[in-house]
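The values are calculated or read from the model by the stated rules, or taken from the named source; none is laboratory data. Quantities reported herein were computed from a predicted structural model and do not represent experimental measurements. Quick reminder, even Gly has a Cβ in these numbers, built from the backbone with ideal geometry, and neighbours come from all protein chains shown.
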Amino acid sequence: MAVIAEGANLWDVTLETFEHYMAKAGRKFFVRAFQKVYYDSFVWMATYWLGVPVAKNPLDLWVYQEIIWETRPQVLIETGSYEGGSALFFASLFDLIGEGRVVTIDIEDTAARHLSHPRITSIVGSSVSDDVVYQLRKIVGNQTAMVSLDSDHSAKHVLREMELYSQFVSTGNYIVVEDTELKGPGPGKAVTRFLKDRKDFVQDRSREKFMVTSNRGGFLKRVQNKPNF
């Protein structure tokens, strides 16, 4: 531990201490340590957008904002509405841009009951059901789209979502798989399995520039129009 000398600047001491531990443990240690503190504190359950709970890392929300501004999807499909905060966040971005809409899907109608925004359409049902996918096909049509997956986190469910929802993602746009850092056979495993057999999507690691993200390896960019197995 760095020793604070008399008259030392606090910032210099903090930087010295940080560099000491960086040299000893490396950046990966600090990122994972922060993530543990962040999630164990449950602050992610007390984060709001315009007063509505949004259970996402604010750094990831900023990255979403950059992606949406750059790619301008006409439709953003979200699975896992929770209380509707992220759907409202996306809709607010589309308000600022002047175009775009959100389709948010959940097996419960919590968000549908509490959200009223002209750019948001709520669908109540399983994200992998034939009925929901049929509704999405009618809504999206030939419009450009991106996808955010944040519902059931089992590997089997996420992989099925990726297989079904990849059809809606236009070239140059993204599927974002949330919470890939979870231990066990969850979203991270689903991403690995999905990419193993496909070359039309690649991991865009540039979207992890803030280092701390809930979606490590989960920002998938479509680089080809059709699957190349």
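Of note:
- Matching entry among LYS226, LYS183 (being over 16 Å from the mean Cα position of the chain (by Cα) and free of Cβ contacts under 8 Å to residues at least 12 places away in the same chain): LYS183
- Elements of type helices (runs of 4 or more DSSP H) in segment 103-188, at least 2 residues being surrounded by 23 or more Cβ atoms within 10 Å (Cβ to Cβ) and assigned by TED's automatic domain parsing to the domain that holds GLN74: 155-165
- Residue check, LEU15 at pLDDT 80 or above, more than 27 Å from VAL133 (Cβ to Cβ) and part of a helix (DSSP H, G or I): no
- Filtering segment 189-212 to residues that are closer than 15 Å to MET146 by Cβ and crowded, with 20+ Cβ neighbours inside 10 Å leaves PHE201, ARG207.
- Number of residues in segment 104-147 that are of a type in the set (Val, Ile, Thr), free of Cβ contacts under 8 Å to residues at least 60 places away in the same chain and within 18 Å of SER166 (Cβ to Cβ): the value is 4.
- Residue tally, condition outside any helix (DSSP H, G or I), surrounded by 22 or more Cβ atoms within 10 Å (Cβ to Cβ) and without any contact (Cβ under 8 Å) to a residue 60 or more places away in the chain, over segment 70-96: 2
- Test: residue in segment 58-69 that is free of Cβ contacts under 8 Å to residues at least 12 places away in the same chain and within 11 Å of the chain's Cα centre (by Cα): yes
- One residue from LEU76, LEU96, LEU88 being under 22 Å from PHE42 (Cβ atoms) and among the hydrophobic types (A, V, I, L, M, F, W, C): LEU88
- Boolean, GLU99 is touching a strand residue (DSSP E or B) at 6+ places or on another chain (Cβ under 7 Å), among the charged types (D, E, K, R) and touching a residue at least 12 places away in the same chain (Cβ under 8 Å): no
- Hey, GLY186 touching a strand residue (DSSP E or B) at 6+ places or on another chain (Cβ under 8 Å) and of a type in the set (Gly, Ala, Ser) or not: no
- Residue in segment 199-210 that is outside any helix (DSSP H, G or I), farther than 23 Å from ASP60 by Cβ and modelled with pLDDT under 95 present: yes
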